[in-house]
Amino acid sequence: MPVSSKKLRSNRAWIERHINDPYVKRSRQEGYRARSVYKLLELDEKEHLLKPGLTVVDLGSAPGSWTQVVREKLADPAGGVRGRIIAMDILPMEPIDGVHFLQGDFREQSVADQLSEILNGDKVDVVLSDMAPNLSGIAAADAARSLLLNELALEFCEEHLAPKGVFVTKAFQGSGYSQYVEALKRVFKKVAAKKPAASRDTSAEVYLVSRELKPKKQ
């Protein structure tokens, strides 16, 4: 099927914008794997999410830019890792020293078993999720796929996050967004929406920072 001229123009515009993006240029200069790294760096600077000694899980970690930040923040003076870093994705990811990478769907038993082995009965201090679906261009379908990933990440937190833990997830303002925020508020004591400078102005994405699990009702 031939590609429409409109789609070709759209692709060319995206490529041109990407090449000229200051965050893309900066990420290459500074050795990060993606421009999204600056979103987490700003969130961490303002929200104080990461420090040595924590157990951190990065959901949807590939290509690994957020994991790179976590590795830097949990580094000890000798260059090792103080704490535990677990990166998870269905896609492959280039290794990062000191990081446990689990490839596969975190709902799969084999992946869950590997995670349990690493955690050894401990809870997670910080869960990060920059997960996004493969976009189809159909707004309603993309919103639904994104919302499903958000819901799965929340379920992961309910199972693995420590009572005083923090959950950071990307969400898109639109259909289902307000309902998801309400779902977070039922589970967490504090929920705040943040828009880092590296998020494009044209993007509907925000990052929801949720803290402290509410006690489960008996």
Requested in this report: Please work out the C-alpha center-to-center distance from segment 47-83 to segment 88-164 and express it in whole Å.
Outcome: 15 Å
Report task. Take the Cβ-Cβ distance between E94 and S178 as r, set R0 to 35 Å, and report the resulting FRET efficiency rounded to the nearest 0.05. Result -> 0.40
Query raised in the report: Which order do R84, R186 fall in if you start with the one that has the fewest other Cβ atoms within 10 Å?
Result: R186, R84
Query raised in the report: So how far apart, in nm, are the two label points at K51 and E212 if each is 7 Å from Cα heading toward Cβ?
Result: 1.6 nm
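Work out the FRET efficiency for A141 and R186 from their Cβ-Cβ distance, taking R0 = 30 Å, and round it to the nearest 0.05. Intermediate results must be reported in sequence, preceding the final value.
Values: r = 26 Å, r/R0 = 0.88.
It comes to 0.70.
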Query raised in the report: Once phi is turned into θ = phi - 60°, what whole-Hz ³J(HN,Hα) does the Karplus curve with 6.51, -1.76 and 1.60 give for every residue of segment 150-165, x standing for Gly and Pro?
Result: 4, 5, 5, 5, 5, 4, 4, 4, 4, 8, 10, 6, 5, x, 9, x
Query raised in the report: What are the ³J(HN,Hα) values, in whole Hz, obtained from phi via the Karplus relation 6.51 cos²θ - 1.76 cosθ + 1.60 with θ = phi - 60°, for each residue of segment 92-103 in sequence order, with x given for Gly and Pro?
Result: x, 9, 4, x, 10, 4, x, 10, 7, 10, 10, 9
Query raised in the report: Using the count of nearby Cβ atoms within 10 Å as a rough guide to exposure, how do I138, I96 rank from fewest to most?
Result: I138, I96
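Every read-out reported here was derived from the displayed coordinates using simple, explicitly stated rules and does not represent laboratory data. This is a predicted model, so every value here is computed, not measured. Here Cβ is always computed from backbone atoms with ideal geometry, including for glycine, and neighbour counts include all displayed protein chains.
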